1. Condition (residue is over 12 Å from residue 12 (Cβ atoms), assigned by TED's automatic domain parsing to the domain that holds residue 58 and surrounded by 15 or more Cβ atoms within 10 Å (Cβ to Cβ)) applied to the stretch 187-194: is it met by at least one residue?
2. Just give me the residues in the stretch 45-58 being modelled with pLDDT of 95 or more and more than 30 Å from residue 35 (Cα to Cα), in sequence order.
3. Wholly within the stretch 23-142, which strands (runs of 3 or more DSSP E) include no fewer than the required count, namely at least 2 residues that are surrounded by 15 or more Cβ atoms within 10 Å (Cβ to Cβ)?
4. Tell me, which residue of the stretch 170-186 that is in contact (Cβ under 8 Å) with a residue 40 or more places away in the chain and farther than 29 Å from residue 51 by Cα is surrounded by the fewest Cβ atoms within 10 Å (Cβ to Cβ)?
5. Scan the stretch 196-225 for residues that are within 30 Å of residue 51 (Cβ to Cβ), part of a strand (DSSP E or B) and either free of Cβ contacts under 8 Å to residues at least 60 places away in the same chain or out of contact with any helix residue (DSSP H, G or I) (no Cβ under 8 Å at 6 or more places or on another chain) (or both) and jot them down.
6. If a residue has to be under 28 Å from residue 133 (Cβ atoms) and not in a strand (DSSP E or B) to count, how many in the stretch 146-180 make the cut?
7. Looking at this structure, is residue 167 in contact with a helix residue (DSSP H, G or I) (Cβ under 8 Å, 6 or more places away or on another chain), under 17 Å from residue 37 (Cα atoms) and buried (at least 20 other Cβ atoms within 10 Å of the Cβ)?
8. From (1) out of contact with any helix residue (DSSP H, G or I) (no Cβ under 8 Å at 6 or more places or on another chain); (2) crowded, with 17+ Cβ neighbours inside 10 Å; (3) more than 17 Å from residue 247 (Cα to Cα), pick out the condition that doesn't hold for residue 153.
């Protein structure tokens, strides 16, 4: 009997539309910064990094395995969000053994090595992004600069980032991406059920608005494609094949005058989630300064 591979995108109902995409050669640095980073509008950049050596080398069995022997945790389920304590207690394998296990897994097996810092031995096979000005590629405020997601059949649960800009780069395999931005009008109708994992229940349809008014922006990423993900955009990810895959998440700092607004329900949610009154007040002050800077530098 075949194992059940969990897919998360279609568990949240909505109207699917094509996510905007552009060829790498047609996207100038100023256009990317002005029309997407500053406007916080996602976009897929096609064939953006095909000149990286990783695209020729990392798919070769034995190549990555020979470069490192560190230990990693390996999950046998999809990537839940948040990861929680269970992620810290995963069974440990040498990275070369873990990669070999994923390469040789059955077509219906699910495995994931989540949020792996790039081993120094692998970094020479990666490069930069033509559409991102190096002077604006500043270290992120909260997230790690670079994280690798190595997987087989492992989806990533619906979630959003509270700060920092993300470039999701597909290196091996193909992935289906779905994204949406909630407003104050539909925040509670979708955020609550998703966080409570009600979308995984058999009767999930009754927990969401019957008219399925949510617009989901979707695309499939192949090797060399890059997706720009702004803060506060919910996104879910499903593998589009059942092979061995690798994705790189590269983060850079959100421009100060584009930090969240106090009127955004996601920002309010983050403030409420702070562990103390002092942290909540600091978060409010930080966001308020960002709002003020938009008035000065619109």
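1. Scanning the stretch 187-194, I find at least one residue that is over 12 Å from residue 12 (Cβ atoms), assigned by TED's automatic domain parsing to the domain that holds residue 58 and surrounded by 15 or more Cβ atoms within 10 Å (Cβ to Cβ), so the answer is yes.
2. Listed by number, the residues that qualify are 57, 58.
3. On the way: elements: 43-46, 71-73, 92-94, 111-116.
Answer list for the stretch 23-142: 43-46, 71-73, 111-116.
4. Keep residues of the stretch 170-186 that are in contact (Cβ under 8 Å) with a residue 40 or more places away in the chain, which gives 170-184.
Narrowing further to those that are farther than 29 Å from residue 51 by Cα: 180-184.
Working: 180: 20, 181: 18, 182: 21, 183: 9, 184: 11.
Here the residue is 183.
5. From the stretch 196-225, those within 30 Å of residue 51 (Cβ to Cβ) are 217-225; that's our starting set.
Filter again for part of a strand (DSSP E or B), leaving 217-221.
Answer for the stretch 196-225, where residues must be within 30 Å of residue 51 (Cβ to Cβ), part of a strand (DSSP E or B) and either free of Cβ contacts under 8 Å to residues at least 60 places away in the same chain or out of contact with any helix residue (DSSP H, G or I) (no Cβ under 8 Å at 6 or more places or on another chain) (or both): 217, 219, 220, 221.
6. Number satisfying all stated conditions: 5.
7. Numbers: in contact with a helix residue (DSSP H, G or I) (Cβ under 8 Å, 6 or more places away or on another chain): no; under 17 Å from residue 37 (Cα atoms): yes; buried (at least 20 other Cβ atoms within 10 Å of the Cβ): yes.
Against the criterion (in contact with a helix residue (DSSP H, G or I) (Cβ under 8 Å, 6 or more places away or on another chain), under 17 Å from residue 37 (Cα atoms) and buried (at least 20 other Cβ atoms within 10 Å of the Cβ)), residue 167 does not qualify.
8. All conditions pass for residue 153, except number (3).
The values are calculated or read from the model by the stated rules, or taken from the named source; none is laboratory data. Computed from a prediction, not measured in an experiment: that's the story for all the values here. As a convention, Cβ positions derive from the backbone with ideal geometry for all residues, glycine included, and neighbour counts pool all protein chains shown.
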